[in-house]
Amino acid sequence: TGAGLFLFGFAIIGRVAHLQFAQGDYWKAKSKKLSTRKEVIIAERGNIFSADGNLLATSYPIYELRFDAATGSVDKEYFDEKIDSLALGLANVFGEKTQKQYKQELLRARKRKDHYFLLKRNVTYGQLKKVKALPILNLGKNKGGLIALQKSRREKPYGILASRTVGYSLKGKKNVAVGLEGYYDSLLCGKNGSRLMRKIAK
């Protein structure tokens, strides 16, 4: 029995040594690959001005807001304590649903452990600032569970005035290029950037 235990222990030590020295570099690289990723930063489309400096076309950020209702940073006691205030705040900022409706939806999302619950699409930066100040969400991006996905919307301050001249550029199966937007698309679209994201504990 003693000899068997000795051989078993020796086999474990041998296996650990093999993993550490023979395969160590492989597993380190594997770990690094799983914890880091490259994220694309979409370039913001350039503005178009008239000869006298008036803004004819511009892009501004809009956001899709989602909520990690199952975030481990918010315990049940704190969530239950703040849910009414959060629901009231969302009702005041967006005005689309009542406090009761928001509360019911948030409680259901919490119950089913929804990590990507949709709060609202097409949110302005001003609304985003107000939402970030609401209970639970004001704990920060990671602890509060707020997920803000930024997009870009094209706006023509003068509306239909000179709209055909300003034009537009559509990407897809049939690329459509009209007016200044289409002719100078390669300059206006800019170049996407990238950033390295690393996942850390919690």
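Structure notes:
- Candidates Arg121, Arg110, Arg37: the one that is modelled with pLDDT of 90 or more and surrounded by fewer than 13 Cβ atoms within 10 Å (Cβ to Cβ) is Arg121.
- From the list Asp84, Asp80, the lone residue that is out of contact with any strand residue (DSSP E or B) (no Cβ under 9 Å at 6 or more places or on another chain), modelled with pLDDT of 95 or more and within 15 Å of Arg110 (Cβ to Cβ) is Asp84.
- Criterion: free of Cβ contacts under 8 Å to residues at least 12 places away in the same chain and of a type in the set (Lys, Arg) - qualifying residue of Lys82, Lys151, Lys103, Lys97: Lys97
- Selection of strands (runs of 3 or more DSSP E) fully inside segment 31-147 by the criterion of at least 1 residues being closer than 30 Å to Asp185 by Cα and of a type in the set (Lys, Arg) returns 36-41, 117-123.
- Meets criteria (in contact (Cβ under 8 Å) with a residue 40 or more places away in the chain, over 17 Å from the mean Cα position of the chain (by Cα) and either part of a helix (DSSP H, G or I) or over 25 Å from Ser50 (Cα atoms) (or both)) for Pro157: no
- Of all residues in segment 126-152, those being exposed (fewer than 12 other Cβ atoms within 10 Å of the Cβ) and at pLDDT 90 or above number 4.
- The set of residues in segment 111-133 being within 21 Å of Asp80 (Cβ to Cβ) and touching a strand residue (DSSP E or B) at 6+ places or on another chain (Cβ under 6 Å) consists of Phe117, Leu119.
- Residue that is nearest to Leu139 (Cα to Cα) [pool: residues in segment 47-96 that are aliphatic (A, V, I, L, M) and exposed (fewer than 14 other Cβ atoms within 10 Å of the Cβ)]: Leu55
The values are calculated or read from the model by the stated rules, or taken from the named source; none is laboratory data. Everything numeric in this text was worked out from a predicted model, so none of it was measured. When we count neighbours, we look across all protein chains shown, and the Cβ atoms used for this are built from the backbone with ideal geometry, even at glycine.
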